[in-house]
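Contents: one structure, followed by commentary.
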Amino acid sequence: MNFALILAAGSGSRMGNSDRPKQFLPIYGKPLMVHTIEAFEMHDEIDGVVIVTNESYIDQVKVWCKQYDLSKVKAVVAGGNSRQISVYNGLIALKEIANDSDIVLIHDAARPLISSKIISSNIEACKKYDAVDTVIKATDTIIVSKDNETLSSIPNRSELYQVQTPQSFKLCLILEAHEKAKSNLIPNVTDDCKLVLSLGKEVHLVEGSVQNFKITTFDDLMILKALLKLGKSEVL
């Protein structure tokens, strides 16, 4: 079986003066995170969804799940003080309803333009490789500055990719990676693939899309609204 783990526990501090985290902002009549969950709800290969959210929003999220008929949502659980803790909390909830060999797609609630194609590609690749990362090639030259003032080096752009989500894993593998990090007192890793790499496991790449961007700033929000208005959310 295939499950989506939706991360909706962030503070959204970079959005500016909003009175609520970005994942809860209304976008054309429904919360941003609902747009995201609906992409997994409508996908034939997704069997269930677990949502990790701010503890104070759990009841509200459950109301939205009923209001928008998100029938695949199996649990809504509280996040933690870091992304790593939030993912772990979601995996523990998922363990109650899934088998070790099942696939979990870990996805940011603030990436609402996730396409059916990307979801399918993650599932297909994860069946074969056990761990996959959604990426797009870097189109701009990336520089390194060690002092935040001067240029230190310029990596080879042909080897650089921008990471998106989902990041998808066999449940037993990603749980093992998180348990190892927890036992080794590694508290704040922001990328699940990095935890899997620490086990000596390979992570294979799945092609993402420029439209699968994360809503981080007010400008991102305006771009999202424009794309939804134009009906472009299923392009690539």
Single match in S120, S71, S101 (criterion: hydroxyl-bearing (S, T, Y) and within 16 Å of the chain's Cα centre (by Cα)): S120
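Does region 16-40 hold any residues that are open to solvent by 30 Å² or more (accessible area, probe 1.4 Å) and either without any contact (Cβ under 8 Å) to a residue 60 or more places away in the chain or not in a loop (DSSP other than H, G, I, E, B) (or both), and which are they?
Restricting attention to region 16-40, the residues satisfying the condition of being open to solvent by 30 Å² or more (accessible area, probe 1.4 Å) are 16-20, 26, 28-30, 35, 38.
Answer for region 16-40, where residues must be open to solvent by 30 Å² or more (accessible area, probe 1.4 Å) and either without any contact (Cβ under 8 Å) to a residue 60 or more places away in the chain or not in a loop (DSSP other than H, G, I, E, B) (or both): N17, S18, D19, R20, P26, G29, K30, H35, E38.
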Conditions (1) modelled with pLDDT of 95 or more; (2) open to solvent by 40 Å² or more (accessible area, probe 1.4 Å); (3) not polar (S, T, N, Q): number failed by L171: (2)
Failed item in (1) modelled with pLDDT of 95 or more; (2) touching a helix residue (DSSP H, G or I) at 6+ places or on another chain (Cβ under 7 Å); (3) farther than 24 Å from N188 by Cα, with I27 passing the rest: (1)
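Just the residues that are open to solvent by less than 30 Å² (accessible area, probe 1.4 Å) and either touching a His at 6+ places or on another chain (Cβ under 7 Å) or assigned to a strand (DSSP E or B) (or both), please, taken from region 88-127. Working first, answer last.
So the first thing to find is which residues in region 88-127 are open to solvent by less than 30 Å² (accessible area, probe 1.4 Å), and the list is 90-91, 93-94, 98, 102-115, 118-119, 122-123, 125-126.
Those that are open to solvent by less than 30 Å² (accessible area, probe 1.4 Å) and either touching a His at 6+ places or on another chain (Cβ under 7 Å) or assigned to a strand (DSSP E or B) (or both): L91, I103, V104, L105, I106, H107, D108, P112, I114, I119, A125.
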Extreme residue, least open to solvent (accessible area, probe 1.4 Å), among residues of region 66-87 that are touching a helix residue (DSSP H, G or I) at 6+ places or on another chain (Cβ under 8 Å) and part of a helix (DSSP H, G or I): V87
Qualifying residues in region 41-65 (those that are polar (S, T, N, Q) and crowded, with 19+ Cβ neighbours inside 10 Å) - the one nearest to L7 (Cα to Cα): T53
Flag if S56 is hydroxyl-bearing (S, T, Y) and in a loop (DSSP other than H, G, I, E, B): no
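The values are calculated or read from the model by the stated rules, or taken from the named source; none is laboratory data. As the structure is a prediction and not an experimental result, all values here were calculated from the model. A quick note on method: Cβ atoms are made from the backbone with ideal geometry, for glycine too, and the neighbour counts reach across all protein chains shown. These accessible areas exclude ligands, DNA and RNA; they are computed on the full protein's heavy atoms, side chains included. Shrake-Rupley method; radii C 1.70, N 1.55, O 1.52, S 1.80 Å.
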